[in-house]
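This report refers to the structure that appears directly beneath it.
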Amino acid sequence: MVIGLVVHASHRARFDAASRTLTGATLEWVTYEHEPEIRPLVGDLLRRKRVDGLLLGPVPYARAREVLPADLPVTVTRPAPLDLALAWGRALAHGGAAVPVSIDTFGQDTVDEVADALGLDRAQIAALPFDEAQTVDDIVAFHRRAGAPLVISVRTGVIAAGVDGATVVSAQPEIATIRAELHQLALRVKSKQADELRFAAGVFLVAPNSPDPDRARIGLMNLLLNTPEFADCWIENRDRRGVVVFAHRALFEAVTHRWVDLNVLSRAQETLGVRVVAGFGIGSSARTCVALAERAATRAEQEPAPGAYLIEDSGLVIGPMGAGGTALTFTYRSHDEGLEGLAAEVGLSAGTLSRLAAIERGLAGRAVSPGELAASLGITDPSGRRLIRKLSERGLVVDEGSAQVSRKGRPTRLYRLAITAAVSAS
């Protein structure tokens, strides 16, 4: 696999040290000195190399987001609570006081969490959460207005500029934080690659009112057999008016241009003179794949124009795909307008956000712990906590306090998902 890393020149050594434990991956570096360089450099990397994943910070992500492919696994390295705690520790080690202090980039929840753990007075802490619209001058002005003798900053430009009368301490992500994010990205890439090799089925149906369905089906089969994109598929008769096709998910995704359109349907109508629809199914077995593909094809038949649908065993539905470029609709059991745009803003895949929306509906307003959310998504507990932090930064979860879920140990934070309302608003 090939993983791209977008880093400031002054951080290259730190990221290089964090990447030494990663095996089985080739690293492609994008090193910049000034923020306006980020977008063209990232664009050049994506043109030169087939990158399987990209690791970058919040500022590079904001600068390069428009040139990133929608299906590219991306991890945004965000400073963790440990990074803030260590920055505070460095300030104390040099004889300074922990408060008053002004902090930028960290979310308010993270600042409160670390302040509580260190027993610090929150009233003496000024925090400026990350906002991609902020400039270095804006952040420096915030610290000057706060007037604290200690400044903890994540932004390289702020550290370089300094703040008059204050000690500026860097809270750049530690090597351990970077390493964890990098390894998680590698696992996501491997999971995506494995998902692309999942077994899948496609069912192509001739319209039920065709004058000679047998002849039309034979013509459809010959058309598919002579279509180069289906050269690696197994194609056989399904019934009088249907053909079933078996292949890897990646092949069907390529043929449909990432589930947007299926040009072979328009060719079938032109050459055979009959309406043809298709359904794709992805499941844990051949039987499940075919059953889901049949359901998807039945749904496609209800559309006024030739098209196709995809149904996965997770409940994911994509469609209608047009015969020549009809716009994509992305759903999880129901159509949610604005979901893809919101997913891009948050930095998650539309599939993940769809699953979270479905989990929210199932919870019916009940709060959930990061561990419970992780179990529902099939990810690790640390990944669940990182996901909660990412959702919190965009207001997609609401802190509902804490609860003692076991007789031993510390109370667990609880959160209520607020994704459905955000999708509706967008």
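Proximity of backbone amide H atoms, modeled 1.01 Å from N, is registered between Glu28 and Ile3, Gly4, Leu5 at under 5 Å, excluding neighbours fewer than 5 places apart on the same chain. Relative to the longest principal axis of the Cα atoms of the chain, helix 286-301 runs at roughly 80 degrees. Here region 170-234 yields Rg over Rh of 1.42, to two decimals, using C-alpha coordinates and the Kirkwood radius.
I'd like the projected area of region 1-149, averaged over all directions, using the convex hull of its alpha carbons. Report it in nm² with one decimal.
Working: hull surface 41.1 nm².
Convex hull of Cα atoms, orientation-averaged projection: 10.3 nm².
Using a simple spin-label model with points 7 Å from Cα along the Cα→Cβ vector, what separation in nm is obtained for Trp29 and Arg287? For Trp29 paired with Arg287, the spin-label model returns 5.4 nm.
Summing charges over neighbours of Ser102, with a neighbour being any other residue whose Cβ is under 10 Å away from its Cβ, gives +1 when K and R count +1 and D and E count -1. Note on the chain: with neighbouring protein chains present and a 1.4 Å probe, carbon and sulfur make up 51 percent of its accessible heavy-atom surface.
The H on the amide N of Thr256, modeled in the peptide plane, is under 5 Å from the matching H of no residue at least 5 residues off or on a different chain. Phi angles of region 166-183 translate, via the Karplus equation with coefficients 6.51, -1.76, 1.60 and θ = phi - 60°, into HN-Hα couplings of 10, 8, 9, 10, 7, 10, 4, x, 6, 4, 5, 5, 4, 4, 4, 5, 5, 5 Hz per residue; Gly and Pro are given as x. Once the Cβ-Cβ distance of Ala250 and Arg20 is raised to the sixth power relative to R0 = 30 Å, the FRET efficiency obtained is 0.45. What are the aspartates and glutamates whose alpha-carbon lies under 12 Å from the alpha-carbon of Lys390, with same-chain residues fewer than 8 places away excluded? Output for Lys390: Asp109, Glu345. Per residue, region 1-92 exposes 45 Å² of solvent-accessible protein surface, assessed with a 1.4 angstrom probe and all protein chains in place.
Amide H contacts of Ser369: Tyr415, each under 5 Å away and 5 or more positions distant or on a separate chain (H built 1.01 Å from N in the peptide plane; Pro and chain starts excluded). Note on Glu66 and Arg48: the model spin-label points, each 7 Å out from Cα along the C-beta direction, lie 2.3 nm apart.
Work through the residues other than Ser266 whose Cβ is under 15 Å from its Cβ and net out their charges, Lys, Arg +1 and Asp, Glu -1. Local net charge: -2.
Among beta bridges from DSSP that stay inside the chain, the antiparallel ones total about 50%.
If you plug the beta carbon distance of Phe199 and Ala123 into 1/(1 + (r/R0)^6) with R0 = 56 Å, you get a FRET efficiency near 0.45. Taking the inverse of the mean reciprocal distance over all distinct Cα pairs, the Kirkwood hydrodynamic radius of region 90-181 comes to 13.5 Å. Counting every alpha-carbon pair across region 189-323, the share separated by more than 23 Å comes to 23%.
For the chain, the Cα-based Rg and Dmax, in that order, read 25.6, 89 Å. Label-to-label distance for Glu303 and His257 is 1.3 nm, based on points extended 7 Å past Cα in the beta-carbon direction. Each distinct pair of alpha carbons in region 229-285 adds a 1/r term; the inverse of their mean, the Kirkwood radius, is 12.5 Å. Helix 213-225 and the longest principal axis of the Cα set of the chain meet at an angle near 50°.
3J(HN,Hα) along region 9-21, derived from phi through the Karplus expression 6.51 cos²θ - 1.76 cosθ + 1.60 where θ = phi - 60°, amounts to 4, 6, 9, 4, 4, 5, 5, 5, 5, 5, 8, 5, 8 Hz, with x in place of Gly and Pro. With viscosity 1.306 mPa s and temperature 10 °C, the Kirkwood radius over alpha carbon pairs of region 1-40 converts through Stokes-Einstein to a diffusion coefficient of 146 µm²/s.
The values are calculated or read from the model by the stated rules, or taken from the named source; none is laboratory data. A quick note: this is a predicted structure, and the numbers were derived from the prediction, not measured. When we count neighbours, we look across all protein chains shown, and the Cβ atoms used for this are built from the backbone with ideal geometry, even at glycine. Only protein heavy atoms, including side chains, enter the accessible area calculation; ligands, DNA and RNA are left aside. Shrake-Rupley method; radii C 1.70, N 1.55, O 1.52, S 1.80 Å.
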